[in-house]
1. Which ranges mark the helices (runs of 4 or more DSSP H) fully within the stretch 159-243 that have 2 or more residues being within 8 Å of the ligand (Cβ to nearest atom) and crowded, with 17+ Cβ neighbours inside 10 Å?
2. Which pairs have Cβ atoms under 8 Å, sit 6 or more apart or on different chains, and link a residue in the stretch 166-179 that is under 12 Å from residue 146 (Cβ atoms) to one that is in a loop (DSSP other than H, G, I, E, B) and hydrophobic (A, V, I, L, M, F, W, C)?
3. Within the stretch 415-438, can you find the residues that are within 16 Å of residue 140 (Cβ to Cβ) and more than 10 Å from the ligand (Cβ to nearest atom)?
4. Take the stretch 351-377 and flag every residue that is of a type outside the set (Ser, Thr, Tyr) and free of Cβ contacts under 8 Å to residues at least 40 places away in the same chain.
5. What number of residues in the stretch 47-78 are of a type outside the set (Asp, Glu) and within 23 Å of residue 130 (Cβ to Cβ)?
6. Of everything in the stretch 185-198, what is touching a residue at least 60 places away in the same chain (Cβ under 8 Å) and under 14 Å from residue 124 (Cα atoms)? Give them in sequence order.
7. Has the stretch 396-408 got any residue that is within 24 Å of the chain's Cα centre (by Cα), in contact (Cβ under 8 Å) with a residue 40 or more places away in the chain and under 22 Å from residue 207 (Cβ atoms)?
8. Say we look at the stretch 352-401 and pick out the residues that are assigned to a helix (DSSP H, G or I) and aliphatic (A, V, I, L, M); which of these is surrounded by the fewest Cβ atoms within 10 Å (Cβ to Cβ)?
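The values are calculated or read from the model by the stated rules, or taken from the named source; none is laboratory data. Worth saying up front: this structure is predicted, and the values here are computed from it rather than measured. Please note: Cβ atoms are built from the backbone with ideal geometry, for glycine as well, and neighbour counts cover all protein chains shown.
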Amino acid sequence: MEVEKPFTGEVLGTVPRCTADDVETAIARARVAQGTWRRTSFAQRKRVLLRFHDLVLSRQAEILDLIQLESGKARRHAFEEILDVAIVARYYANTAQRHLRSHRRRGALPFLTAAQEHRHPIGVVAIIAPWNYPFTLSMSDATPALAAGNAVVVKPDSQTPFSTLWGAALLEEAGLPPGLFEVVTGAGSQLGEPLIGGSDYLMFTGSTATGRKVAAQAAENLIPCSMELGGKNAMIVLDDASLTKAVDGATRALFSNAGQLCISVERLMVHDSVADEFTRRLVERTRGMKLDAGLDYRAEMGSLVSGTQLETVREHVEDATAKGATVLAGGRPRPDIGPYFHEPTLLDGVREGMTCFEEETFGPVAAVSTFASEQEAIARANASDYGLNFSLWTADAARGRRVAAQLEAGTVNVNEGYAAAWASVDAPMGGMKSSGLGRRHGAHGIQKYTEEQTVALQRVLPIAPPRFVGQRPWGKAMTASLRLLRRLPGVR
Ligand code: NAD
């Protein structure tokens, strides 16, 4: 299968087009390896993950090149993937044991039942990953699964398989036994079914449309799943926001990875009282952004990943302008830089009925609008099927927290675009509404890869009448005990 180099449209390399049989082989190998790995200590897993962390940092130049070459993104956006993979690996290396330790639980009857909750690795975790953050979205969902004692089989997107393959080699170099991180390359439509059918957990990141399909397959196989899907994220600039910081934050939130970021902003809402000044400054910044295809840090924005993606962006801009929207900045493809480059674009007057009003563009296009009151901004931000990530700008932290609580999004960044919540890996990250199911990061991001088990030890008396006591008096005694427990303070 040929993999394209988006900077030029040339072939970057080839990978095998795996079959359903290959997927079965990968899962079988993973299962064997997991049988041993599940019995290793947390300390041993921690050593592997921390070595992996160190190798990612020391070998970053290689993977930065690779990410850029297969995705076409600017190096500064590729570097976000290095940060993410290292931070998540370190976090779960250091916290897996704490998140997964056994707990004593209240028993059926005080003193008579000793109950304990345990977590066991779930087995083989399938990861289906998209192309936009090819290193992060394969590796950072895998490291918690591995830390919990599982094996992983990853199916990267066909457009960007090399970052995952490089990650697989690096994990083995870090000491991960062979078989625990398997990669199958090929079309999702062909490999999805055998992969989901043979695994014990599905971690999917991609579009909401595909998410619905694979979640149905997971349900058919009765395996749990986590869905990280699309967004139509809003950024709200309140009247008291620092405009300098908000403009700076907006350029990152709108145009990171050329807007091909699930948590990037496509709806920018600015309070009436600051809208003119804010928009003037943002338009100036956007027009001045440097687009480039170099393997260095000069570019502020890179290419789109493919001709298909460029076509979607063009269609959304053309549809909006044909229906009355105006272009404030950008608006055009830039074939002079590379076949799939498109200017960072700001649109004014985007209304209901235009494709980009509701649908995710997943490109460097944002609609700017104004609002008169906080309540209007909240209502409009929430008027979406999606609820992934919102950004809110205000000089008043208490106001920020109060407004954030009313926003229907899995993450809300106050005075940041997306990075504050994403990089707070001790806290859950994921989407409400059609943006997903389940969460990555934090306790949930590793506990989901385990099976919970309760072991209850009954002492002295069974939860049944002893042989010398009849059912009726036992029932009475139990009823009296329950009434007493109901009244005792501290009994839950
Ligand atoms: P996509 O759904 O087309 O593809 C994602 C992955 O699913 C790819 O590996 C693909 O090969 C695979 N796939 C496709 N059809 C399949 C099928 N029938 N069965 C099994 N697997 C299948 O998504 P995309 O367009 O490549 O990615 C962009 C989307 O991903 C955007 O909507 C974006 O918002 C979303 N995304 C979400 C997050 C998040 O964390 N919430 C992160 C990144 C991207």
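1. Fully inside the stretch 159-243 and qualifying: 188-198, 208-220.
2. Partner pairs satisfying both residue conditions: 167/135; 171/180.
3. Once the filter is applied, which keeps residues that are within 16 Å of residue 140 (Cβ to Cβ) and more than 10 Å from the ligand (Cβ to nearest atom), the stretch 415-438 yields 418, 419, 421, 423, 424, 425, 426, 427, 428, 438.
4. Matches in the stretch 351-377: 351, 352, 353, 354, 357, 375, 376.
5. Filtering the stretch 47-78 for residues of a type outside the set (Asp, Glu) gives 47-53, 55-61, 63-64, 66-69, 71-78.
Subsequent filtering for residues that are within 23 Å of residue 130 (Cβ to Cβ) retains 52, 56, 60, 63-64, 66-69, 71-78.
Summing the residues that are of a type outside the set (Asp, Glu) and within 23 Å of residue 130 (Cβ to Cβ) in the stretch 47-78 gives 17.
6. 194, 195, 196, 198
7. No: zero hits.
8. Applying the filter and picking the extreme gives 398.
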